[in-house]
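Right, one structure below, let's go through it.
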Amino acid sequence: MHIDPYIVIGSAVVGLLVGMTGAGGGALMTPMLILLFGVKPIAAISSDLVAAVVMRPVGAAVHLRKGTVNLRLVGWMVLGSVPAAFAGAYLLHLLGKGAQGNVEIALGAALLVGAAAMVLRTILDRRAGNQRRGAVGDITCRPLPTVIIGLIGGLIVGMTSVGSGSLMIVLLLFLYPMLSAGQLVGTDLTQAVPLTLAAALGALAFGHVEFSVTASIIIGSVPAVLVGSLLSSRAPDRYIRPVITVVIFASGLKYVGVPVTALGWILGTILVAGVAWLAWARVVRGGEPAPAAGAEPQTLADPVARGTPPG
């Protein structure tokens with residue numbers, strides 16, 4: 001069995017992003033295998049799905065240990081997603097392969113709208129001073145809409161083999177606005193474990209898995225997912241949420257058919273603009289460190305702020 005070191009390195013980059021955001025695995029890994037390493041599309045999709053059976057549980061285990069998984073949401077989503085994945089595969093069989101392209105374009109458009117909506121919501125939250133720090137136990141579960149999210153994600157996986165993680169995160173964000181970024185990632189990674197297993201069984205039965213490619217993906221992605229999951233389970237929302245938005249935006253561009261070169265230039269421009277904005281913001285603040293997460297601002301009514309000892 002030949003282990004390709006370049007696939008290992010590329011898979012590590014994608015695995016880090018999956019661990020940090022819970023999204024973008026299929027949208028980034030499969031095109032990388034096809035365009036950069038010459039893997040046939042059917043083999044790339046099937047090998048990626050089988051590797052994900054090992055990769056995603058690692059990230060889910062980290063979040064379960066950190067307490068950033070809402071198991072009630074996971075249960076309701078899985079109730080919809082696993083049967084829908086098999087239904088989607090059968091529907092694709094009835095409609096023919098031509099339907100797959102139309103589904104991917106529609107998914108890409110939905111992800112682009114979702115990424116724009118995430119940016120808008122972030123801006124509105126900052127202006128209103130809203131904080132998304134709801135504890136796992138404080139989130140009120142809404143069973144029917146959550147099952148519908150699972151149904152949509154499972155149907156997409158069954159028809160395209162990719163794309164569910166990005167869309168599910170967008171839908172969860174708007175259905176449960178108090179979920180922190182860490183809980184979004186942890187819940188999505190955990191619900192993806194049985195869904196990915198179902199899709200991988202189909203790939204093993206009907207697809208063409210190249211086990212050398214699968215092994216290379218696992219070697220690179222599993223340690224990277226572990227690191228990314230540790231980051232997303234600990235880092236504040238203000239760091240993780242922009243990464244999620246960029247990955248979802250990149251996934252959307254890929255699905256609507258933006259060429260890889262153009263996609264690279266777009267993402268590079270976003271990266272440069274983001275670094276420039278951060279530098280400008282630091283200059284405007286005069287280099288003062290931002291207040292710690294959860295810290296309450298002091299006012300003149302506060303005895304400590306007036307410089308007088310509390311009575």
First in the stretch 84-107 and at negative phi and in a helix (DSSP H, G or I), second anywhere and modelled with pLDDT under 75 and among the basic types (K, R), Cβ under 6 Å, 6 or more apart: none
Only residues that are of a type outside the set (D, E, K, R), open to solvent by 40 Å² or more (accessible area, probe 1.4 Å) and outside any helix (DSSP H, G or I): list them for the stretch 32-75, please. G38, G67
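Residue check: is A110 closer than 30 Å to R238 by Cβ, modelled with pLDDT under 80 and in a helix (DSSP H, G or I)?
On the way: closer than 30 Å to R238 by Cβ: yes; modelled with pLDDT under 80: yes; in a helix (DSSP H, G or I): yes.
So A110 fits the description; yes.
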Taking the stretch 1-56 and keeping residues of a type in the set (V, I, T), at pLDDT 80 or above and under 17 Å from M159 (Cα atoms) leaves V50
Matching residues in the stretch 1-31 - criterion: being surrounded by fewer than 24 Cβ atoms within 10 Å (Cβ to Cβ), over 17 Å from the mean Cα position of the chain (by Cα), assigned to a helix (DSSP H, G or I) and β-branched (V, I, T): V8, I9
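I'm checking my understanding of the structure. Among residues of the stretch 96-123 that are closer than 14 Å to I156 by Cβ and over 20 Å from the mean Cα position of the chain (by Cα), which one is most open to solvent (accessible area, probe 1.4 Å)? Please lay out each step first, then the result.
First, pick out the residues of the stretch 96-123 that are closer than 14 Å to I156 by Cβ: 99-111, 114.
Right, trim to over 20 Å from the mean Cα position of the chain (by Cα) and you get 99-102.
On the way: A99: 18, Q100: 38, G101: 35, N102: 107 Å².
Among those that are closer than 14 Å to I156 by Cβ and over 20 Å from the mean Cα position of the chain (by Cα), it is N102.
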Please go through (1) over 18 Å from the mean Cα position of the chain (by Cα); (2) at pLDDT below 80; (3) surrounded by fewer than 16 Cβ atoms within 10 Å (Cβ to Cβ); (4) not in a loop (DSSP other than H, G, I, E, B) for P289 and return the number of the only condition it doesn't satisfy. (4)
Looking at (1) at pLDDT below 85; (2) open to solvent by 90 Å² or more (accessible area, probe 1.4 Å), can you tell me which one V272 breaks? (1)
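The values are calculated or read from the model by the stated rules, or taken from the named source; none is laboratory data. No experiment lies behind these values; they were computed from the predicted model shown. Cβ atoms come from the backbone with ideal geometry, glycine included; neighbour counts cover every protein chain shown. Heads up: the accessible areas ignore ligands, DNA and RNA and are worked out on the full protein's heavy atoms, side chains in. Shrake-Rupley method; radii C 1.70, N 1.55, O 1.52, S 1.80 Å.
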